Amino acid sequence: KAVLIAVPTTSGTGAEATGAAVYKRYDGTKALLIDGAIRPGEVFLDFDLLSSLPKKVVANAGVDALAHVIGAMSVESANPMDKMICTQVALSILQNLPRSYLTGDTQSRDIMHVCAYLAGDEINNAGGGLEHKLDMFAKAYHIPHGEIIGIFLPYTMLYLLPENHYLPLAEQMGIPGSTPEEKQRALVGRIWEMYDLLGMPKTIRDAGVPEQEFLDKLPEYIEMVKAIGHIYWIRGFRGDDSLRELYLQAYYGIDKEDLK
């Protein structure tokens, strides 16, 4: 029997650990295929392939991996083992992604490659988070997947803050705060500080999406998300009426005072 062997050349999508694949149709649009039959039987993580990665790919792919594990913490199917693994992988990414991007540090890039695989394994086990449910409109604007997911991640974290999904990560990072909410808000602030180092946009507007066009099509985007239905797997999702507010926050941003 043939054995599917995967050798990833970037550190982010984690596709080598999943039964999911994104492919491009003849008309240029993308489609998602999910089937256990396409999950690789063997995976080789070759660190030598990372030496020539463009910095933009390092940033976008690394943020995608971070979103995989932080998002998976909030999925209903995530069990205690999933959450432990996600917490440790997220911690490693936050420690190593800036060095990998800024200096090309080989040890950090090697660690990021392992993190990306483990993050892919966790979305295969638990599923993607809320940030991965809101991004479908972005393909019309040719925004890289990791970039748009990165934009949504902090806003979805703030939205789900009452569930304390991210408290273990904030505490392991030694982030101060007198309440779980304060610690988790400060964690979101740390992620945005990392985005400054990576040159990542923090809002959909910063990514170049025209304002009036976005507002006009927003009802259509919301219906697309509702039709797929994956948002209902998120622990702490507060119903369809909250989607518009989430999109508007991600488009315009929030005041930094809201993180205190």
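The values are calculated or read from the model by the stated rules, or taken from the named source; none is laboratory data. None of these values were measured; they are calculated from a predicted model. So basically every Cβ, Gly included, is an ideal-geometry build from the backbone, and we count neighbours across all protein chains shown. With ligands, DNA and RNA removed, areas are computed over all heavy atoms of the protein, side chains included. Shrake-Rupley method; radii C 1.70, N 1.55, O 1.52, S 1.80 Å.
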inquiry  = Suppose we keep only residues that are surrounded by 15 or more Cβ atoms within 10 Å (Cβ to Cβ) and not β-branched (V, I, T) within the stretch 218-229. Which one would you say is nearest to Y252 (Cα to Cα)?
reply    = L218
ask   = In the stretch 207-217, what residues are over 19 Å from the mean Cα position of the chain (by Cα) and open to solvent by 20 Å² or more (accessible area, probe 1.4 Å)?
value = G208, P210, E211, Q212, E213, L215, D216, K217
remark   = Of the residues in the stretch 28-74, those that are farther than 15 Å from C115 by Cβ, among the small types (G, A, S) and within 18 Å of the chain's Cα centre (by Cα) number 1
key: Qualifying residue in the stretch 151-173 (condition: within 23 Å of D206 (Cβ to Cβ), in contact (Cβ under 8 Å) with a residue 24 or more places away in the chain and either open to solvent by 30 Å² or more (accessible area, probe 1.4 Å) or charged (D, E, K, R) (or both))   = no
query = Are any residues in the stretch 78-105 over 15 Å from G12 (Cα atoms) and not aliphatic (A, V, I, L, M), and if so, which ones?
reply = N79, P80, D82, K83, T87, Q88, Q95, R99, T103, G104, D105
task = Answer with yes or no whether L91 is touching a residue at least 60 places away in the same chain (Cβ under 8 Å), surrounded by fewer than 24 Cβ atoms within 10 Å (Cβ to Cβ) and farther than 21 Å from I234 by Cα.
result = yes
task = Please tell me if Y117 is open to solvent by 10 Å² or more (accessible area, probe 1.4 Å), touching a strand residue (DSSP E or B) at 6+ places or on another chain (Cβ under 7 Å) and modelled with pLDDT of 95 or more.
result = yes
message = Taking the criterion of being part of a helix (DSSP H, G or I), on the phi < 0 side of the Ramachandran plot, exposed (fewer than 13 other Cβ atoms within 10 Å of the Cβ) and at pLDDT below 95, would at least one residue in the stretch 233-240 satisfy it?
response = no
key: Those residues of the stretch 68-116 which are on the phi < 0 side of the Ramachandran plot and among the small types (G, A, S), in sequence order   = G71, A72, S74, S77, A78, A90, S92, S100, S108, A116
ask   = In the stretch 1-49, what count of residues is obtained for those that are in contact with a helix residue (DSSP H, G or I) (Cβ under 7 Å, 6 or more places away or on another chain), of a type in the set (A, V, I, L, M, F, W, C), part of a strand (DSSP E or B) and in contact (Cβ under 8 Å) with a residue 60 or more places away in the chain?
value = 1
key: In the stretch 10-51, the residues that are closer than 22 Å to I148 by Cβ, at pLDDT 90 or above and exposed (fewer than 14 other Cβ atoms within 10 Å of the Cβ)   = none
